[in-house]
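One structure is given below, encoded as structure tokens.
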Amino acid sequence: MSTVTGNLATFDLSSTDLAGVRIVFTPSGPAVAGTKLFLFTKPRYAYPAVDGSGLFSINLAPTRDLRPESWYSIRVEWPDPNMYGPNQGYIGVDFPDWRLYVPNEGGDFATLIGTFAKPNDIFVWWSATAPSPWPVGLTWVNTITGDVTKRTA
């Protein structure tokens, strides 16, 4: 296993209100490691410290030698009782559009995202009209003609 560490914060750079927050690391799909291991996609969870540091640490299987190519998608979940009215208990969720590749030696989350992460190529716009704006990497399927176009630049 490889240890990935990091610090979680909100956009106001605060790590003081992280009670109940969890970071979910989900493998991209089943994979084979070495000559004997068949790995399945059960998610792994990290819980950031609530002491104001936001520190988290998680042991993940390295992705370098997995077959087929594999990565982790990331989801952050937090309790937000005010999201849909007081005391409703709903959960806020972020789904970053990243592929987290984990090297054998592990590392710092922010560095790994900057070094090894690639955007997902699975976003498709199904419509009779082209998306606007049309981000790079988005595939448009014209529902009238059936033409498929991917914006690459």
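Yes or no: I58 of a type in the set (A, V, I, L, M, F, W, C) and within 30 Å of L138 (Cα to Cα)? No. Cβ-Cβ distances below 9 Å connect the following pairs, each with a first residue in region 137-153 that is closer than 10 Å to W125 by Cα, a second residue that is exposed (fewer than 10 other Cβ atoms within 10 Å of the Cβ) and not aromatic (F, W, Y), and a separation of six or more residues or different chains: T139/I122; W140/D147; V141/D147; N142/A128; T143/A128. Of the candidates W126, W140, the single residue that is at pLDDT below 85 and either more than 18 Å from the chain's Cα centre (by Cα) or over 26 Å from S70 (Cβ atoms) (or both) is W126. Do we have any residue at all in region 40-53 that's at negative phi, open to solvent by less than 70 Å² (accessible area, probe 1.4 Å), in a strand (DSSP E or B) and among the aromatic types (F, W, Y)? No, because not a single residue in region 40-53 is at negative phi, open to solvent by less than 70 Å² (accessible area, probe 1.4 Å), in a strand (DSSP E or B) and among the aromatic types (F, W, Y).
Residues are listed down the side, and each one gets a yes or a no for (1) in a loop (DSSP other than H, G, I, E, B); (2) open to solvent by less than 100 Å² (accessible area, probe 1.4 Å); (3) at pLDDT below 85; (4) of a type outside the set (D, E, K, R):
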position	(1), (2), (3), (4)
S70	yes, yes, no, yes
I74	no, yes, no, yes
E77	no, yes, no, no
P81	yes, yes, yes, yes
G92	no, yes, yes, yes
N104	yes, yes, no, yes
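Which one is farthest from R64 (Cα to Cα) among residues in region 6-31 that are open to solvent by 50 Å² or more (accessible area, probe 1.4 Å) and in contact with a strand residue (DSSP E or B) (Cβ under 7 Å, 6 or more places away or on another chain)? Within region 6-31, the match that is farthest from R64 (Cα to Cα) is G20.
The values are calculated or read from the model by the stated rules, or taken from the named source; none is laboratory data. Quick caveat: nothing in here was measured; it's all calculated off a predicted structure. Neighbour counts are summed over all protein chains in view; Cβ atoms, including those assigned to glycine, are modelled from backbone coordinates with ideal geometry. Ligands, DNA and RNA are stripped out before the accessible areas are found, and what is left, the full protein with its side chains, is counted by its heavy atoms. Shrake-Rupley method; radii C 1.70, N 1.55, O 1.52, S 1.80 Å.
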